[in-house]
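> First the structure, then my questions, so here it is.
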Amino acid sequence: MEITEIKNKLTLATVLHYYHLKPDKQLRLNCPFHNDKTPSLQVYYKTHTAYCFSSNCKTHGKSLDVIDFIMHKESLTKREAILKAQSLISGNTETHKQPTAELTRITVLTKMFTYFKNAIHNSKPAREYIESRCLDFTKTEVGYNSGQFHHGTRKDEALIKSCIKYGLLLDLGTKGRTGNPAYKPFGKWGIVFALKNKQNQIVSLYFRSALSEKKQRHFYLRERQGLYPNYPKPTTRRLILTESIIDTATLLEQDKIKTHYEVLSLFGTNGLREEHTKAIAELKELQEIIFFLNGDQAGTKAVEKYAPMLKADYPSITISNVQVPENEDVNSLLQGHSGDILNHLVNTRKEYDFLFSNEKSIEKKKEQYPTPKLFIPTEEEQNQAVKRLVQESQGKQPKQTGLDTNNPYNLKYQGNEAKYQIKGFNINQMDSLKITLQIEMK
């Protein structure tokens, strides 16, 4: 088949469809031939050509026909590109070995996450929700699932089949208004984060509902795997563990924390999975693990559960805990304060106290609760005690007044008419003090 005949039979739309590339409304797309963060490739369907306006592109400002496009996309020779174009015309594209199931999953999820990331720019509700959580979508890799990726001009039968296979679509087994099969998208109206494997490839997706509901809902694809934001670097020395993905994203937008710490998300208070522990085990330079979980009972219990487990596995590693204000979490703290509060809390973290777990703890207990000494009163003290008993029996016990400061967290004052108690405690938090005043009248 001659080149002219190929160009007459093979449309640019067919080529783009084959490579799962979909231009925007202005017929632009991120150039597939270089690292393009903004759409630089212009598509011309009328002439079946494309042109990249970026000076960083390897096409060097050349107008690309369908053969050129294939050649640059797959790094082929001119002859190989012509043969590939012929196979696209004939419909026989089975020229390469089919990828493994794992690679297919990675390919599909990578493509879909790219689509979800681009959807942020076209969705005002998604941007507003992300901004309400004090996140910056230009700094954090996050997407939005409007649930429309399988409709209209975006409809791609091969992609739909893959999305059903990996859980992004549920086949309802019915027909829609158009007579086509009806599908239910997974994680619809949710912001999307990518979970990655050790090779930094996307192997799963996490969806968090962006609807204005009291109870936020969380969705993970079936056969969940991978970590967020990725596997920690092998050179990691200080690792922060958070309770949720959005908390990890929040910390990673704080430059001071991102510079000095690696951050890894658990999947809830019961979400320290085997993949987490394996990743931690590979950090040969690790010196400290820092828990930064929510300031509630569930977060406290999670630290109490996991801190001893990690200490048993890594006795030489310091286990620390960030003191989070009651009923707050990482992201809610940022919503009510500046990012400085997160830096402050991390910097003022405390080493976890493994009570009764070693000799140091036992000695500390002895200091707090010393062994009582045997008390033998003198004859004079015995006489005074008898005298007090006589006075009490006659109702003549003298009233004792004054301030009792023996317990700094429970100050007592005995007056002639009333008894006063001021109770409080040190919670090691900025701008927070809790006290209780009790007055008991005579």
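> Does A307 qualify as being of a type in the set (A, V, I, L, M, F, W, C) and surrounded by 13 or more Cβ atoms within 10 Å (Cβ to Cβ)? Even if it seems obvious, please write down each step before you answer.
Working: of a type in the set (A, V, I, L, M, F, W, C): yes; surrounded by 13 or more Cβ atoms within 10 Å (Cβ to Cβ): yes.
Taking the combined requirement at face value, the residue satisfies it.
> Right, next: Hey, could you check the range 37-57 for residues that are among the small types (G, A, S), surrounded by 15 or more Cβ atoms within 10 Å (Cβ to Cβ) and over 25 Å from A158 (Cα atoms) and say which is farthest from the chain's Cα centre (by Cα)?
Our first condition is that a residue be among the small types (G, A, S); within the range 37-57, this holds for 40, 50, 54-55.
Then drop every residue that is not surrounded by 15 or more Cβ atoms within 10 Å (Cβ to Cβ), which leaves 40, 50, 54.
Filter again for over 25 Å from A158 (Cα atoms), leaving 40, 54.
Values: S40: 31, S54: 34 Å.
Applying the filter and picking the extreme gives S54.
> Moving on to the next point. What pairs can you find where one residue is in the range 283-305 and part of a helix (DSSP H, G or I), the other is small (G, A, S), and their Cβ atoms are less than 9 Å apart, with a gap of 6+ or different chains?
Once the first residue is part of a helix (DSSP H, G or I) and sits in the range 283-305, its partners that are small (G, A, S) give A298/G268; A302/G268; A302/G271.
> Let me ask something else. Out of L334, L345, L272, I need the residue that is within 30 Å of E131 (Cα to Cα), touching a residue at least 24 places away in the same chain (Cβ under 8 Å), in a loop (DSSP other than H, G, I, E, B) and not assigned by TED's automatic domain parsing to the domain that holds S132. Which one? Even if it seems obvious, please write down each step before you answer.
Values: L334 fails: in a loop (DSSP other than H, G, I, E, B); L345 fails: in a loop (DSSP other than H, G, I, E, B).
Going through L334, L345, L272 in turn, the sole match is L272.
> Moving on. Please pick out the residue among H17, H34, H60, H72 that is in a loop (DSSP other than H, G, I, E, B) and surrounded by 13 or more Cβ atoms within 10 Å (Cβ to Cβ). Let's see the steps before the verdict.
Numbers: H17 fails: in a loop (DSSP other than H, G, I, E, B); H60 fails: surrounded by 13 or more Cβ atoms within 10 Å (Cβ to Cβ); H72 fails: in a loop (DSSP other than H, G, I, E, B).
So the residue among H17, H34, H60, H72 that is in a loop (DSSP other than H, G, I, E, B) and surrounded by 13 or more Cβ atoms within 10 Å (Cβ to Cβ) is H34.
> Mind checking which residues of the range 219-228 are under 16 Å from Q201 (Cβ atoms) and either touching a Phe, Trp or Tyr at 6+ places or on another chain (Cβ under 8 Å) or modelled with pLDDT under 95 (or both)? Give the steps one after another, and end with the answer.
We begin by selecting, within the range 219-228, every residue under 16 Å from Q201 (Cβ atoms); these are 221, 223-228.
Of everything in the range 219-228, those that are under 16 Å from Q201 (Cβ atoms) and either touching a Phe, Trp or Tyr at 6+ places or on another chain (Cβ under 8 Å) or modelled with pLDDT under 95 (or both) turn out to be L221, E223, R224, Q225, Y228.
Residues are listed down the side, and each one gets a yes or a no for (1) touching a Phe, Trp or Tyr at 6+ places or on another chain (Cβ under 7 Å); (2) β-branched (V, I, T); (3) in the same structural domain as T140 (by TED's automatic domain parsing):
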| site | (1), (2), (3) |
| --- | --- |
| K188 | no, no, yes |
| N200 | no, no, yes |
| L205 | yes, no, yes |
| R208 | no, no, yes |
| T242 | yes, yes, no |
| I245 | yes, yes, no |
| T248 | yes, yes, no |
| E253 | no, no, no |
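> May I ask you to list the residues in the range 224-252 that are out of contact with any Leu (no Cβ under 6 Å at 6 or more places or on another chain), hydroxyl-bearing (S, T, Y) and part of a helix (DSSP H, G or I)?
T248
To keep it simple, each residue is scored yes or no on (1) surrounded by fewer than 16 Cβ atoms within 10 Å (Cβ to Cβ); (2) modelled with pLDDT of 90 or more; (3) β-branched (V, I, T).
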{"residue": "L88", "(1), (2), (3)": "no, no, no"}
{"residue": "K97", "(1), (2), (3)": "yes, no, no"}
{"residue": "E102", "(1), (2), (3)": "yes, no, no"}
{"residue": "K117", "(1), (2), (3)": "no, yes, no"}
{"residue": "S132", "(1), (2), (3)": "yes, yes, no"}
{"residue": "L135", "(1), (2), (3)": "no, yes, no"}
{"residue": "T140", "(1), (2), (3)": "no, yes, yes"}
{"residue": "H151", "(1), (2), (3)": "yes, no, no"}
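> Across the range 343-367, which residue is modelled with the highest pLDDT among those that are farther than 15 Å from I319 by Cα and touching a Lys or Arg at 6+ places or on another chain (Cβ under 9 Å)?
Checked the range 343-367; the qualifying residue modelled with the highest pLDDT is N343.
> Here's something else I'd like to know. Only residues that are in a loop (DSSP other than H, G, I, E, B) and buried (at least 16 other Cβ atoms within 10 Å of the Cβ): list them for the range 21-31, please.
Those that are in a loop (DSSP other than H, G, I, E, B) and buried (at least 16 other Cβ atoms within 10 Å of the Cβ): L21, P23, N30, C31.
> What pairs come out if I take residues in the range 1-29 that are in contact (Cβ under 8 Å) with a residue 24 or more places away in the chain and pair them with residues that are among the polar types (S, T, N, Q) and outside any loop (DSSP other than H, G, I, E, B) whose C-beta lies under 6 Å away, six or more apart or interchain?
Note: pairs meeting the criteria are M1/Q86.
The values are calculated or read from the model by the stated rules, or taken from the named source; none is laboratory data. Note that the structure is a prediction, hence the values are computed from the model and not measured. No Cβ is skipped: glycine too gets one built from the backbone with ideal geometry, and neighbour counts run over all protein chains shown.
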